[in-house]
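*Asks:* Below: one structure in structure tokens.
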Amino acid sequence: MDAIDLITPTTLAFCSAFLFAVSVQVQNLGLKYGHNRLGALISILGSTVFYWLLSPLFLQTWYWMTSAVLVFAVLGLFRPFLSANFALAGVRYLGPTLTSTLASTSPLFAAVFAILILGESLTLAVLIGTLTIVIAVGMLTQRRETKGSWPAWALLLPIGAAAIRALGHAMTKLGLNTVPDPLFAGLVSYTVSLAIALIAMFSRDQRIYRDAKWSPGLLWFFAGGVINGISIWSLNTALNLGSVITVVPIVALSPIFTFLLGFLIFRRETFTFRIILAMLLVVPGVILIAIAG
């Protein structure tokens, strides 16, 4: 089997999930130095710089004359800036447990948008596999922390974040149908995201920048952003080659890789029966989706 034969939507989705988990762990190292809000901006900057440095290798003039530019630009308006803010607001009102569990429903929203926007079809095998992965990720992301009481409307925050991310996947696939270049998709969306983040951060609290001092944490954030950019490149390539319905559930396995990295390398996690059961559920779910894809 040639190496090119191994480049399938499933393997690319796995790669994206793993790299996103690495990005999370790397940026967590930056949080030790503070700069959490500035760090988010630096992370987006790292991703944007990564794509622009590669642009001479792939960018073609005719790309800018297509409708895909508008699709990718609109995507950059709300992801990751809006989805991340929804998720953070969810943690504030609901706590990390319920927020993470509800956010793990993103593959279900992705299936709905893929059917409505792209006309993709959902088979029984993919449906069962997706539900299995959603349940497994929900189990894995549960923690003991709970919030005493919260308003019912706050449930819409993590659900909204999940829906926004899912809509972003469908929009990416829609744009790639016009310009099948995963790097261009990342270039446009992250450039717009960086502009939105700069406007929002400077208009909100300029003291963050006036009082910011150099620390190694900024490098960790930047490195995490570059890794995240590669993760999105891998995800976009998977979407370009495959379908949203079969790719997104695999990418949703990122918390599994985050846990494994935390356990094996960073020594911040421990195995429990619930975690073992969640990982056992993942295997058949992935197999069902991979076979169907």
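*Asks:* Of everything in segment 5-32 that's within 17 Å of residue 50 (Cβ to Cβ) and among the small types (Gly, Ala, Ser), which residue is nearest to the chain's Cα centre (by Cα)?
*Replies:* The extreme case among them is 16.
*Asks:* Yes or no: residue 173 of a type in the set (Lys, Arg) and modelled with pLDDT of 85 or more?
*Replies:* yes
*Asks:* Can residue 179 be described as modelled with pLDDT of 85 or more, over 20 Å from the mean Cα position of the chain (by Cα), crowded, with 20+ Cβ neighbours inside 10 Å and of a type in the set (Val, Ile, Thr)?
*Replies:* Yes.
*Asks:* Quick one: in segment 218-253, of everything that is of a type in the set (S, T, N, Q) and in a helix (DSSP H, G or I), which residue is nearest to residue 25 (Cα to Cα)?
*Replies:* Per the criteria, the residue is 228.
*Asks:* Filter segment 252-279 down to residues that are touching a residue at least 60 places away in the same chain (Cβ under 8 Å) and over 21 Å from residue 16 (Cβ atoms), then give me how many there are.
*Replies:* 3
*Asks:* Still on this structure: Scan (1) closer than 25 Å to residue 122 by Cβ; (2) outside any helix (DSSP H, G or I) for the single condition residue 268 breaks and write down its number.
*Replies:* Exception for residue 268: condition (1).
*Asks:* For the condition within 20 Å of residue 71 (Cα to Cα), modelled with pLDDT of 90 or more and surrounded by fewer than 20 Cβ atoms within 10 Å (Cβ to Cβ), what is the one hit in 237, 191?
*Replies:* Answer to the selection: 191.
*Asks:* Would you please list the contacts, defined by Cβ atoms under 9 Å and residues six or more apart or on different chains, that run from a residue in segment 33-53 that is closer than 17 Å to residue 79 by Cα and surrounded by fewer than 20 Cβ atoms within 10 Å (Cβ to Cβ) to a residue that is at pLDDT below 80 and not hydrophobic (A, V, I, L, M, F, W, C)?
*Replies:* Partner pairs satisfying both residue conditions: 37/204; 37/205.
*Asks:* Checking the structure you have, find out if any residue of segment 63-72 is modelled with pLDDT of 90 or more and within 15 Å of the chain's Cα centre (by Cα).
*Replies:* no
The values are calculated or read from the model by the stated rules, or taken from the named source; none is laboratory data. Computed from a predicted structure; not experimentally measured. Positions of Cβ are generated from backbone atoms using ideal geometry, with glycine treated the same way; all protein chains shown enter the neighbour counts.
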